[in-house]
1. Here is a list: 131, 125. Which entry is surrounded by 16 or more Cβ atoms within 10 Å (Cβ to Cβ) and touching a helix residue (DSSP H, G or I) at 6+ places or on another chain (Cβ under 6 Å)?
2. Which is modelled with pLDDT of 85 or more and β-branched (Val, Ile, Thr), of 70, 24?
3. Based on this model, can you work out whether residue 146 counts as within 23 Å of residue 112 (Cα to Cα), modelled with pLDDT of 80 or more and in the same structural domain as residue 109 (by TED's automatic domain parsing)?
4. Within segment 37-57, identify whether any single residue is at pLDDT 60 or above, under 27 Å from residue 135 (Cβ atoms) and surrounded by 10 or more Cβ atoms within 10 Å (Cβ to Cβ), and answer yes or no.
5. Pairs please, first residue from segment 118-132 and outside the structural domain of residue 167 (by TED's automatic domain parsing) and assigned to a helix (DSSP H, G or I), second anywhere and among the charged types (D, E, K, R) and crowded, with 20+ Cβ neighbours inside 10 Å, Cβ atoms under 8 Å, 6+ apart in sequence or on different chains.
6. Mind checking whether some residue in segment 110-121 is over 21 Å from residue 153 (Cα atoms), modelled with pLDDT of 75 or more, out of contact with any helix residue (DSSP H, G or I) (no Cβ under 9 Å at 6 or more places or on another chain) and loosely packed, with under 13 Cβ neighbours inside 10 Å?
Amino acid sequence: MGALSPSPETGPRQPQAPPLRWSVGRLAFPAIAAAVSAVFLVHALGLGFGTLQTPGAGLWPFSIAIITIVLAVIQTVLPSAPGSTADAAAESRGRPHIHALALGVMMIGCAFLVDLVGYLPLTAALVFAAAVFVARARWWSAALTALISAGLVYTVFSAFLGIPLPAWPAF
């Protein structure tokens, strides 16, 4: 609940809306995402889009860049009031910038290990680690999520799209 202030008409105190929270991180991260996406957007324009039946090399990066720019603008424009559910959830899980850094390190590690370990085990391990350490999920829920998500991504890319993913060296 917000602070109470006297009203000139009625005299009793009325609740006030909480002040909006604008921080450097709240503005910097969407700005960085939009700037990087703009670079990808320019490069995607040069690659060509093709058609929907035969997509060109620039269609996918262009689509992702547009989506990222739109989400960055939305994150910047929509204010986050103190006490909102997003703030409460972030505070209850600890420091979100540490979680973001940990996820970034895990993703970079995955990029270096994918040829050595293979796509499926590495993706399942990444999803499991993110679910347990960042989202604080129960181990069985994280394991189930990791196995299902890795299996679905592999099925979509391999079976439906015909795009081979890095195999496990044991196979």
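The values are calculated or read from the model by the stated rules, or taken from the named source; none is laboratory data. Treat the numbers as computed from the prediction; the structure is a model and nothing was measured. FYI the Cβ positions are ideal-geometry reconstructions off the backbone, even for glycines, and counts take in every protein chain you see.
1. 131
2. Criteria check complete, one pass: 70.
3. Yes: the conditions hold for residue 146.
4. yes
5. none
6. Looking through segment 110-121, none of the residues is over 21 Å from residue 153 (Cα atoms), modelled with pLDDT of 75 or more, out of contact with any helix residue (DSSP H, G or I) (no Cβ under 9 Å at 6 or more places or on another chain) and loosely packed, with under 13 Cβ neighbours inside 10 Å.
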